[in-house]
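Novice: Input: one structure, supplied below.
The values are calculated or read from the model by the stated rules, or taken from the named source; none is laboratory data. In this text the structure is predicted, and so the values were computed from the model without any measurement. Neighbour counts are summed over all protein chains in view; Cβ atoms, including those assigned to glycine, are modelled from backbone coordinates with ideal geometry. Just the protein is used for accessible areas: all its heavy atoms, side chains included, with ligands, DNA and RNA removed. Shrake-Rupley method; radii C 1.70, N 1.55, O 1.52, S 1.80 Å.
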Amino acid sequence: HALRMEGHGKLAEYLRAVDATLPALERLREMGRAYHRFGLENRQYYALMFLGSGAAAPRREVVQQELFTLMLLLDAVTTGMGAGEIRRDLDPMTVTTALWTQVHGVTALAVSGLLVQSTYEEQVAVLEGVFDAIRAWLTPAR
């Protein structure tokens, strides 16, 4: 648990390094890139944090302690909604969860070696496609 928390602390550093003054959708893109970079640069932490060995599920209180990194993303989403840069007809936690699952999926496959695209450039192309879909989904109608 201590190592998992250490990993979440490191992930939070990557996420907090993103400029909070960026427009919301660009900030989310940069946070996604930071998440992916964290996974690739810290494979052992990432595997420990997110690619469980199939052992018993962690206790609820342990998971709650680790959610602070997800709350950084939720803050970016709610700030963007408040500014009218992200659709306001969506639930902020639903958006946050959807964003995390999409970026996490690409990152988990890359970290585990299961992503079909094998070069870093091809991984980035996949991730950018995910971001383009996110932008299309979250951009308010004009």
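Novice: For residue 103, all conditions in the list (1) of a type in the set (Val, Ile, Thr); (2) closer than 22 Å to residue 45 by Cα; (3) open to solvent by 60 Å² or more (accessible area, probe 1.4 Å) hold save one; what is the number of the exception?
Specialist: Of (1) of a type in the set (Val, Ile, Thr); (2) closer than 22 Å to residue 45 by Cα; (3) open to solvent by 60 Å² or more (accessible area, probe 1.4 Å), only one is false for residue 103: (3).
Novice: Could you tell me which numbered condition residue 14 fails, if it satisfies all but one of (1) modelled with pLDDT of 95 or more; (2) touching a Ser or Thr at 6+ places or on another chain (Cβ under 8 Å); (3) part of a helix (DSSP H, G or I)?
Specialist: The one condition residue 14 does not meet is (2).
Novice: Please go through the range 120-142 and pick out each residue that is open to solvent by 60 Å² or more (accessible area, probe 1.4 Å) and more than 20 Å from residue 98 (Cβ to Cβ).
Specialist: 120, 121, 122, 125, 142
Novice: State whether the residues of the range 110-123 include one that is part of a helix (DSSP H, G or I), free of Cβ contacts under 8 Å to residues at least 40 places away in the same chain and over 16 Å from residue 35 (Cβ atoms).
Specialist: Yes, some residue in the range 110-123 is part of a helix (DSSP H, G or I), free of Cβ contacts under 8 Å to residues at least 40 places away in the same chain and over 16 Å from residue 35 (Cβ atoms).
Novice: Out of the residues in the range 109-119 meeting the condition of being over 27 Å from residue 77 (Cβ atoms) and β-branched (Val, Ile, Thr), tell me which one is least open to solvent (accessible area, probe 1.4 Å).
Specialist: Here the answer is 119.
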